[in-house]
Amino acid sequence: METLGNATSNALFLLISGDAELWQIVAISFQVSITAILIATPPALLTAFVLAYGRFPGRRVLISLFSTLLSIPAVVIGLTFYLLLSRQGPLGDWRLLFTQTAMILGQIALSFPILVAMGHSALQSADRRAWETALTLGANPLRAVSTVMWEVRFGLLAALLAAFGRIVAEVGASMMLGGNILNYTRNIPTAIALETSKGEFAQGIALGIVLLTLSFTLNALFYHLRGGGQPA
């Protein structure tokens, strides 16, 4: 087993040397998670808007449901989709289990409640008069929705970053749905779990550094944009 010092040195070497296997894992992780967040965001924010501005029976139940789903464990999502996509499951004929598509479906399911719940909170904080004024001035509904969302863009951006951070670092659903196949479905968290279980920490530390760097970069960008958008 590697010592901590040796593992850290080897991890830095893997990063600096451009180790092909390491960066393939990073590429797969980002490809899957970015695809999932791009698919989930538009319908999730539209759902958040309807919940914030609509008035219909069952609205409060839906708001409570999405708030409850915020804490659903990733492994439960993984198990649910595993049962649906397995050969004996109702969607087994699609042959999606242990593919990147299955991982994307799982990550969409994980990110959707976060986007809806946090998006709903952000939209509720907006001045409702922005919506009413836009409609009064003759804007079509899509333009009016865009106006309101621009007013709360920093809250929506925070929801987007929170959702992306959740899915890019989750291991349960990715392991169950992707199967941790090298060069195909092995992403950052599943690779870290595998290498740690083998007692080989260099690659795990290197991938952990990538995740920490990503988190720092996204948060720094968020605060920079938020600061730049505030009145002096």
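Where a number appears in this text, it was derived from the coordinates with a stated rule and is not lab data. Quantities reported herein were computed from a predicted structural model and do not represent experimental measurements. As a convention, Cβ positions derive from the backbone with ideal geometry for all residues, glycine included, and neighbour counts pool all protein chains shown.
Odds and ends about this structure:
- Under 14 Å, Cβ to Cβ, from V171 - net charge with Lys/Arg +1 and Asp/Glu -1: 0
- For G54, net neighbour charge (Lys/Arg +1, Asp/Glu -1) across residues whose Cβ lies under 15 Å away: +3
- Between Y82, Y184, Y53, the residue with the greatest mean-square fluctuation in the GNM of the chain (Cα pairs under 10 Å linked by springs) is Y53.
- Residue among A109, A144, A163 with the largest mean-square fluctuation in a Gaussian network model of the chain, springs linking Cα atoms under 10 Å: A144
- Backbone HN-Hα couplings from phi across segment 130-139 [Karplus 6.51/-1.76/1.60, Hz, Gly and Pro as x]: 5, 5, 5, 5, 4, 5, 5, 7, x, 5
- In nm, spacing of pseudo-spin labels at V61 and T217 (7 Å Cα→C-beta vector): 4.5
- Neighbours of L45, meaning other residues whose beta-carbon lies under 14 angstrom from its beta-carbon, give a summed charge of 0 when Lys and Arg score +1 and Asp and Glu score -1.
- Using Cβ point charges alone (K and R +1, D and E -1), the dipole size of segment 71-215 about the Cα centre works out to roughly 140 debye.
- Between 0 and 90°, nearest 10: helix 74-85 axis offset from the chain longest Cα axis: 90
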